[in-house]
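Okay, structure first, notes after.
The values are calculated or read from the model by the stated rules, or taken from the named source; none is laboratory data. Quick caveat, the model's predicted, so the values are computed rather than measured. Note: ideal-geometry Cβ built from the backbone for every residue, glycine included; neighbour counts use all protein chains shown. Please note that ligands, DNA and RNA were not included when accessible areas were found on the heavy atoms of the full protein model with its side chains. Shrake-Rupley method; radii C 1.70, N 1.55, O 1.52, S 1.80 Å.
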Amino acid sequence: MASLISCPHCGTRPKEEFTVKGDASISRPTADAGEEDWYDYVYLRGNPKGLHKEYWHHSSGCRRWLIVERDTVTHKVHGVSDAALAKLGGGA
Ligand SMILES: [Zn+2]
């Protein structure tokens, strides 16, 4: 796992300050989606090899949710962005 994460708010910080919260590439189904869509959303996750976007929470820092793009093979971090800003169109 990458040992240093560049938080857009706090700067470069050790990974121990963060909590990995899961896959950032999935999206919540609509309220009227079928049972199978909800089952997939709640219970099923991929195990990707290569570049992957994950939610990380800076729990011992600014307490912001981040999207970390990380290579699951090399653990190299390729990008970090604020999840809320990305959702508003600020890039992810
Ligand atoms: Zn931070």
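Structure notes:
- Tabulated pairs, the stretch 45-67, first more than 14 Å from K15 (Cα to Cα), second among the β-branched types (V, I, T) and within 16 Å of the ligand (Cβ to nearest atom), C-beta under 8 angstrom, 6+ apart or interchain: K53/I67; K53/V68
- Against the conditions (1) within 16 Å of the ligand (Cβ to nearest atom); (2) open to solvent by less than 80 Å² (accessible area, probe 1.4 Å); (3) over 11 Å from the mean Cα position of the chain (by Cα), R64 satisfies every one except (2).
- Residue within the stretch 7-29 that is among the aromatic types (F, W, Y) and in contact (Cβ under 8 Å) with a residue 24 or more places away in the chain present: yes
- Hits in the stretch 1-25 (condition: at pLDDT 95 or above, open to solvent by 80 Å² or more (accessible area, probe 1.4 Å) and either under 18 Å from V73 (Cβ atoms) or among the acidic types (D, E) (or both)): E16
- Verdict on R70 being of a type in the set (K, R) and part of a loop (DSSP other than H, G, I, E, B): no
- Selection status of R28, open to solvent by 50 Å² or more (accessible area, probe 1.4 Å), away from the ligand (no atom under 16 Å from the Cβ), touching a strand residue (DSSP E or B) at 6+ places or on another chain (Cβ under 7 Å) and modelled with pLDDT under 95: no
- Failed condition for D82, given (1) more than 10 Å from the ligand (Cβ to nearest atom); (2) of a type outside the set (V, I, T); (3) touching a residue at least 60 places away in the same chain (Cβ under 8 Å): (1)
- Residues (surrounded by fewer than 17 Cβ atoms within 10 Å (Cβ to Cβ) and within 14 Å of V20 (Cβ to Cβ)) located in the stretch 70-79: T72, H75
- If you go through the stretch 33-58 and keep only what is surrounded by 13 or more Cβ atoms within 10 Å (Cβ to Cβ) and not in a loop (DSSP other than H, G, I, E, B), you end up with D37, W38, D40, Y41, L51, H52, K53, E54, Y55, W56, H57.
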